[in-house]
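Quick notes on the structure that follows.
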Amino acid sequence: MLYVEFKALVRSSWEGDVSMVDNLKKFQSVNKRAYGNIFKLKRQLISKFKRVQRILELRNSVRLRNCELKLIQDIDEVLKHEQILWFQKSKMVWLANCDRNTWYFHRHTLIRCKHNKIDGLRIDGDEWCFENELLKQNVVEYFKGLFSTDYTVDRAFPCRGRFPSLSTMEKDSLCLVVSSEEVRSAMFGMAPLKALGLDDFYAKFYQAQWDVVGPSIYSLVRRMLEGQPMDTWLNRNLLVLIPKVLGLDRIPQFRLINLCTVLYKIITKIVVNRLRLLLMKLTKKNQASFVISRNILDNIIITQEAVHSLKNFSGRKFGMTLDIDLEKAYDQIRWDFLEDTLLEVGLLPLSVKVISNCVSL
């Protein structure tokens, strides 16, 4: 996005009456034709620069001197873009102002790739497996079993009347027509260079070109928040395995995260921002995380105090602590249970539909 003519390129290839997915695909094609591959362009410029220098060694020419100067400027510009590219790939959070650390970022990227690559894991007991296809198959089967159910349950909600009642105004606040400022705030509240999803666009692209792409994004988000079915391409996620511990050797030692599309994040951020205002009322005080003004560390402090009290019991007083594995309860949730919970909370059908569209295909 450093090219001076980039905004003009976006404006010329973006059509307001065309769907977002068609606009994005069209722009990717136009962008590729206009700028091509940075590394290929750098090689071409350097090769041309060397040819000009060889000719200048034989004969001097004002035209060749001007050409040499122009090539130096072009190469310097391409090196800036290459530096930014490797900086993005390296995921470093700082960048020196006066240093071209392309080599450093390139090395850091290679180290990250080597560190994150899964060469082998223990499967079927203690047997090591190093075959890529077999590793993929076992990982897919493990998480498929973790996130799917093979049983049916009674849809009757087991705990009626446990949630505080919401007022009509509070329920309606979740169904208000989204404003353009609300969409803009959600977009600019994102980190610009977070890991890419399947859309292949950073949030920075939309932020920098908001005056061009903003109306199309607002139109899309408004339709989704009015209960229209979620577009399939919008809710496609890239699944990534993140190590829980160092020196891991088994599949359960990975946790799965979703890399979502930027436009999907806008929709969910707006829903979350609206729900956040009601969470204080709907959640009990012992729920310490994901709620404004509460801290997840509070429960850790309480647990430490409880254990300390148990250790200091005297006489005939006894205490007991239970170490409960909540992996299944935390990692799994049935969508029908989520829907029943939202209805029991008292949310309007439109709010339940929007949330259900966000979590299911």
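Things worth noting here:
- Within the set F27, F49, the sole residue that is at pLDDT below 80 and surrounded by 15 or more Cβ atoms within 10 Å (Cβ to Cβ) turns out to be F27.
- Every pair of residues 6+ apart whose Cβ atoms lie under 8 Å, when the first sits in segment 288-310 and is closer than 28 Å to R274 by Cα while the second is among the hydroxyl-bearing types (S, T, Y) and at pLDDT 80 or above: V291/T283
- Filter result for the condition that a residue is part of a helix (DSSP H, G or I) and either modelled with pLDDT of 85 or more or touching a helix residue (DSSP H, G or I) at 6+ places or on another chain (Cβ under 7 Å) (or both), over V291, V271: V271
Conditions (1) modelled with pLDDT of 85 or more; (2) of a type in the set (A, V, I, L, M, F, W, C); (3) under 30 Å from K284 (Cα atoms); (4) surrounded by 10 or more Cβ atoms within 10 Å (Cβ to Cβ), marked per residue:
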| site | (1), (2), (3), (4) |
| --- | --- |
| C159 | no, yes, yes, no |
| C175 | yes, yes, yes, yes |
| A186 | yes, yes, yes, yes |
| P192 | yes, no, no, yes |
| F201 | yes, yes, no, yes |
| Q209 | yes, no, no, yes |
| G227 | yes, no, yes, yes |
| L234 | yes, yes, no, yes |
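- Under the condition of being under 12 Å from the mean Cα position of the chain (by Cα) and part of a helix (DSSP H, G or I), the residues counted in segment 258-268 number 6.
- Of the residues R255, R222, R236, the single one that is under 20 Å from L193 (Cα atoms), among the basic types (K, R) and under 22 Å from the mean Cα position of the chain (by Cα) is R236.
- Residue count for segment 254-293 satisfying the condition of being crowded, with 17+ Cβ neighbours inside 10 Å and among the basic types (K, R): 3.
- Checking L239 against (1) surrounded by 13 or more Cβ atoms within 10 Å (Cβ to Cβ); (2) assigned to a strand (DSSP E or B), the condition it does not meet: (1)
The values are calculated or read from the model by the stated rules, or taken from the named source; none is laboratory data. As the structure is a prediction and not an experimental result, all values here were calculated from the model. Cβ coordinates were reconstructed from backbone atoms using ideal geometry, including for glycine residues, and neighbour counts include every protein chain displayed.
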